[in-house]
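The values are calculated or read from the model by the stated rules, or taken from the named source; none is laboratory data. Here the structure is a predicted model, which means the values were calculated and not measured. Cβ coordinates were reconstructed from backbone atoms using ideal geometry, including for glycine residues, and neighbour counts include every protein chain displayed. The accessibility values were calculated without ligands, DNA or RNA, using every heavy atom of the protein model including side chains. Shrake-Rupley method; radii C 1.70, N 1.55, O 1.52, S 1.80 Å.
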Amino acid sequence: MKKTNSTFSIRTKSVLTGWSFVLLAVILIFVFYFYPMLQALILSFQTGTGSNLTFTGIDNYTRLLSDKTFIVSVKNTFIYLLIQVPLMIILALFISVLLNDSKLKFKGLFRTAIFLPCVTSLVAYSVVFKYLFAGNGLVNTMLLKLQLISAPIEWITDPFWAKITIIIAITWRWTGYNMIFYLSALQNIDHSIYEAAKIDGASASRQFFGITVPLLKPIILFTSITSTIGTLQLFDEVMNITKGGPGNATQTISQYIYNLSFKYSADFGYAATVSYSIVIMIALLSVIQFKVAGDKNG
Amino acid sequence: MAKSKRFFMYLFLSVAAIVSVFPFLWMVVSSTNQSVDVTRGRLLPGSHLLDNLRKLLDTTDLQLSLMNSAKISITTTLLALLIASLAGYGFEVFRSRSKDLVFNILLLSMMIPFAALMIPLYRMFGQISNVFPWMGIDTMTSVILPTVTTAFLIFFFRQSTKMFPKELLEAGRIDGLSELGIFLRIYLPTMKTTYAAGAIITFMSSWNNYLWPLIVLQTPQTKTMPLLISTLGSGYAPDYGMIMIAIVIGTIPTALVFFLMQKQFVAGMIGSVK
C-alpha cells in the first residue's frame, strides 16, 4: 500500500513538473490566440463604431454577401493565390532539384543568392519594388532599352499590371524560402533510389514525377498550406506597393479589414465578420489540400 | 545532349540568382546616388551616400526607430526562446495523453489568421491601457506580448528535443539536479544550435513585423524601422536616395544575423520539417 502511494506521488510529481514547463506557453497562446479568436466571433455579430456595440445577429454576414468592396477583395486575393502559389511552388521545386545535382558547381553561391530575398522585411522590399516598377522606374527603362516594349508599362497604375507587379514581388520574396524546405527534404532521399531508376532507364522527368514528387509530397503539402495561409493574409506588400489601388484593383481582404477598423469609421463588428471569412477560407482550403494529398496516397 | 542540358541548367540558375540579387544591388547602389539619378536608373555607385544619410538623420528620428526595433526584437527573441524551449522540452520529456491533446490544440493556433486577431487584440490592449498604461497601446509590451509565443517555435523545439539523448536527463537526476536544473544546465547548453536557429527565425520575424506595430504603435516616439520605411515610402515627393539608405540600414541587422548563422538557419529549417 505504501509502495503504490509513493509511486503514485512520483508520477503525480512528474506530471506536475511537465505541466509547469508548458504552462506559460499554454496560457500565452490561449490569451493571445484562442481568446481573441472567440472575441472576434462575438464581435462579428455586433455593429457600431468604436466601443458602442450592439448585437445585431447575422446582419453583418448578410451585409458581407452584398458588399462589393469585400467581393472585389476576395477576388483579388484569390487571383494572387491561384497564380502565385502554384507558380512559386513549381519554381522552388525546379530550382531545388537543379541545386541538388551532385555535379553542380557553385552550389552554395546559387543557394545563398536565391535565398537572399528572405532576409528583407516585407515593407523594405515592397518599397524597393514600388520604385523598380514605377512608370519611369528601372524595369520600364530596361525593357524600353532592350526594345521589348515600345511604351512604358503602367505597372502600378493599371489594374491588370498592378496585380502582376504584386505577384512578381511575392514570388521574388518567397521562392527561396520554399526552396530551402525542398532542398533539405531532397537531401534526405537516399541516392540509391535514383541510381536504381537510372539503371532501369528512367528519364529525368520520369525520375522527377515518379520519385521526387511522391517522396516530397508531405513537404509540398506543408509549403502549399503555409503559402495559402500567407497569401490569404497578404497585407504588407499591397499596402506599400499600390496601397490597394488603382481603385480597389489590388486590395486584399486583410487590407479591407484594416481599412474598416482603422481608416474608415472603426466598424469593429463588421471588420470582425470580414476577418472570419478568412478563417473559414483557411479552414476549407486546408481541408481540401489535405484531401487532395491524401487521395493521391491511395 | 547532356552538355546542352548542363548549359541550360546553369543558365536557369544564373538567371534566378541574378533576379534574386538584383533588387539588393540596386538598393545599395541607389543609396549612394542622388534622387534624380535613382529615377534615371543609374546603376553605378555615386558619391551621395553621406548626403543621403545626413538628410535621413535630419528629417527622421532614425536612431530612435533603430533603438525601438532593437529593444523589441531582442526582448521578443529572448523571451520567445525561453518560453518555447521550456514548453517544447516539457511536451517531449514529460509526456501524457492530456498533454499531447493540449499540444495538438496549440498547433491549431498556427491556422488562425492574424487578421482575425488584430481587432480583439487592439481592443484588449485598449482596455489594458486604462489600467496599466505602461503595457497598453503604444508601448513595447503591447508589441511584444501577442507575438512572443508561437506554436511553430514550440513545435520546433519539441521536434529537436526528440533527438536529445535522454540518458543525460537520467544522469542529471542521479546527480540530484532539480528538473529545472537539468533543463538549464544540461539541456540548454547541449541544444545550442537549436537555440541559434530559433533565435534567427524569431529575430527576423520580430524585426520585420509591420501590421501589428502599425496598429498598436501610434506616436512617432515608438515607431519601429518598418514603420519608418513605410512612411518615407509613401511621401508625395520621395527622396529616393534617402529612402534607399533607410532601407539598407533597416536590412543590415537581419542580413547580418542571417549570414553569421546561415548554417544553423538551414539546419533549423531542416529540423522543423523532419
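At 37 °C and 0.692 mPa s, grab the translational diffusion coefficient of the stretch A:19-131 from Stokes-Einstein with a Kirkwood Rh over Cα pairs, rounded to a whole number in µm² per second. Reported coefficient: 166 µm²/s. Annotation: amide H-H contacts under 5 Å for A:ALA202 (H modelled 1.01 Å from N, sequence separation of 5 or more, or interchain): none.
Which order do peptides A:233-246, A:184-197, B:64-77, B:43-56 fall in by mean Cβ count within 10 Å, highest first?
Result, highest mean Cβ count within 10 Å first: A:233-246, B:64-77, B:43-56, A:184-197.
For the protein assembly as shown, the alpha-carbon radius of gyration amounts to 1.03 times the rule-of-thumb value 2.2 N^0.38 Å expected for a compact globular protein. Assign one of three labels to the stretch B:39-83, namely rounded, prolate or oblate, based on the Cα gyration tensor with a ≥ b ≥ c the square roots of its eigenvalues; rounded applies when a/c is under 1.5, prolate when it is not and a/b is larger than b/c, and oblate otherwise. It is prolate, given that a/c is not under 1.5 and a/b is the larger ratio. Sort chain A into rounded, prolate or oblate with this rule: let a ≥ b ≥ c be the square roots of the eigenvalues of the Cα gyration tensor; rounded if a/c is under 1.5, and if a/c is not under 1.5, prolate when a/b is larger than b/c, oblate otherwise. In terms of gyration-tensor shape, oblate.
Note on A:PHE290/B:THR141: beta-carbon distance plugged into 1/(1 + (r/R0)^6) with R0 of 51 Å gives a FRET efficiency of 0.85. For the protein assembly as shown, the mean residue ellipticity at 222 nm estimated from helices alone is -23500 deg cm²/dmol, where every DSSP H run of n ≥ 4 contributes -39500 (n - 2.57) and the total is divided by all residues, rounded to the nearest 500.
Compare the peptides A:199-208, B:161-170 by average per-residue count of other Cβ atoms within 10 angstrom and give them in order, highest first. Mind showing how you got there, number by number?
Working: A:199-208: 11.5, B:161-170: 13.0.
Ranking, from highest mean packing down: B:161-170, A:199-208.
Spin-label model, B:MET163 to A:ARG206: label points 7 Å out along the Cα-to-beta-carbon direction sit 3.6 nm apart. Residue-wise HN-Hα couplings along the stretch A:13-22, as the Karplus relation 6.51 cos²θ - 1.76 cosθ + 1.60 with θ = phi - 60° gives them from phi, are 4, 5, 4, 5, 4, x, 5, 5, 5, 9 Hz; Gly and Pro carry x.
Given Cα pairs under 8 Å that are at least 6 residues apart, what percent is the relative contact order of chain A?
Numbers: 297 pairs, mean separation 85.8, N = 298.
Result for chain A is 29 percent.
Using a simple spin-label model with pseudo-atoms 7 Å out from Cα toward Cβ, B:SER129 and A:ILE164 lie 4.4 nm apart. Taken residue by residue and averaged, Cβ atoms of other chains lying within 10 Å of the Cβ of B:7-20 number 5.
Can you put A:LYS105, B:LYS99 in order of accessible area, largest first, using a 1.4 Å probe?
From most exposed to least exposed: A:LYS105, B:LYS99.
The amide H of A:GLN46, built 1.01 Å from its N in the peptide plane, has A:THR56 as neighbours under 5 Å, considering only residues 5 or more places off or on other chains.
Rounded, prolate or oblate: which fits the stretch B:118-274, taking a ≥ b ≥ c as square roots of the Cα gyration tensor eigenvalues, rounded meaning a/c under 1.5, else prolate when a/b beats b/c?
oblate
Here the accessible area of the protein assembly as shown is 68 percent carbon and sulfur, with a 1.4 angstrom probe and all protein chains present.
The mean number of Cβ atoms from other chains found within 10 Å of a Cβ in peptide B:39-48 is 2, as a whole number.
Can you give the average number of partner chain beta-carbon atoms within 10 Å of each beta-carbon in peptide B:140-149, as a whole number? Mind showing how you got there, number by number?
Details: counts 0, 0, 0, 0, 0, 3, 5, 1, 4, 10.
Mean number of neighbouring Cβ atoms from other chains: 2.
When the Gaussian network model of chain B links Cα atoms closer than 10 Å, the mean-square fluctuations of B:SER178, B:SER14, B:SER160 top out at B:SER14. Applied to the stretch A:24-29, the Karplus parametrisation 6.51 cos²θ - 1.76 cosθ + 1.60 on θ = phi - 60° returns per-residue 3J(HN,Hα) values of 4, 4, 4, 4, 4, 5 Hz, with x for Gly and Pro. Most tightly packed first, judged by the mean number of other beta-carbon atoms within 10 Å of their residues, the peptides A:61-67, B:86-92 read B:86-92, A:61-67. Using a cutoff of 8 angstrom between alpha carbon atoms and counting only pairs six or more residues apart, the relative contact order for chain B works out to 31 percent.
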